Structures are given as C-alpha cells and as structure tokens.
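Just below is one structure, and these are the notes that go with it.
The values are calculated or read from the model by the stated rules, or taken from the named source; none is laboratory data. Bear in mind that the values here come from a model prediction, so they are computed numbers and not experimental data. Cβ coordinates were reconstructed from backbone atoms using ideal geometry, including for glycine residues, and neighbour counts include every protein chain displayed.
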Amino acid sequence: MVFEVDRARFLERLLAETDAAYCPAPRLTGPIVRVQYKGYHLTASTGRADGDLYAANLLVERPGNPARVFHALDYFYDACEAVRYAREWGQLWVDSNE
C-alpha cells in the first residue's frame, strides 16, 4: 500500500512538473494513457508546449528498477497523437532494452 501511495504521489508530481515545464500559463491537462507491456508499466502523457503544440512525455517503470522519464520526445498539434506516439515509443524502447 505504501508503494501505491508513493507511486501516486510520484506520478502526480511528474505530471505537475511536466505541465509546469511546458505550460507557462495554466491550461487543461492533456490525456494520459497507462499500459502494461512485457512487465513494464508505461505512462504516456502530454503537456502544452509553445504555441499550439503538445509534447509527448513518457514514464517507464518496472518493478525492482528505477523509473525512467522521457520529456518532449516529439511535438504534435493534437494531444491524442502525442500520447499515442509516447506509448508506441515506449513499447519500442522496451523491445530494444530487454
């Protein structure tokens, strides 16, 4: 239970930091997708970047290993495209790091 609380706080802080880094003015948070892939937990999210762009962000977790965070993998005009890209990029990362 402690891990779940700490994990929830970590994710909340990560998303807040992502939003702060890419959203100088308060804006709505973008979509978030969480998937499990080959024993990894992938959390794809987006934050507003300059102009009308959305940054694709990714959190990769695996029990017993340190979490990896990837900010602004690429930029998109659509928030859903950014999240989809981050999820697919995460799956490719897992495949190449197994």
Answer yes or no: is there a residue in the range 89-98 that is modelled with pLDDT under 95, assigned to a loop (DSSP other than H, G, I, E, B) and acidic (Asp, Glu).
-> yes
Keeping to the range 59-88, report how many residues are closer than 13 Å to Val33 by Cα and surrounded by fewer than 17 Cβ atoms within 10 Å (Cβ to Cβ).
-> 3
What are the residues in the range 28-58 that are polar (S, T, N, Q) and either crowded, with 22+ Cβ neighbours inside 10 Å or in contact with a Lys or Arg (Cβ under 7 Å, 6 or more places away or on another chain) (or both), if any?
-> Thr43, Ser45, Thr46, Asn57
Pairs returned, first residue in the range 71-83 that is under 17 Å from Leu42 (Cβ atoms) and without any contact (Cβ under 8 Å) to a residue 60 or more places away in the chain, second residue that is among the charged types (D, E, K, R) and in a loop (DSSP other than H, G, I, E, B), beta-carbon separation under 9 angstrom, 6 or more apart or interchain, are Ala82/Asp74
Which residues, taken from the range 32-81, are closer than 18 Å to Glu98 by Cα and outside any strand (DSSP E or B)?
-> Lys38, Gly39, Arg62, Pro63, Gly64, Asn65, Pro66, Ala67
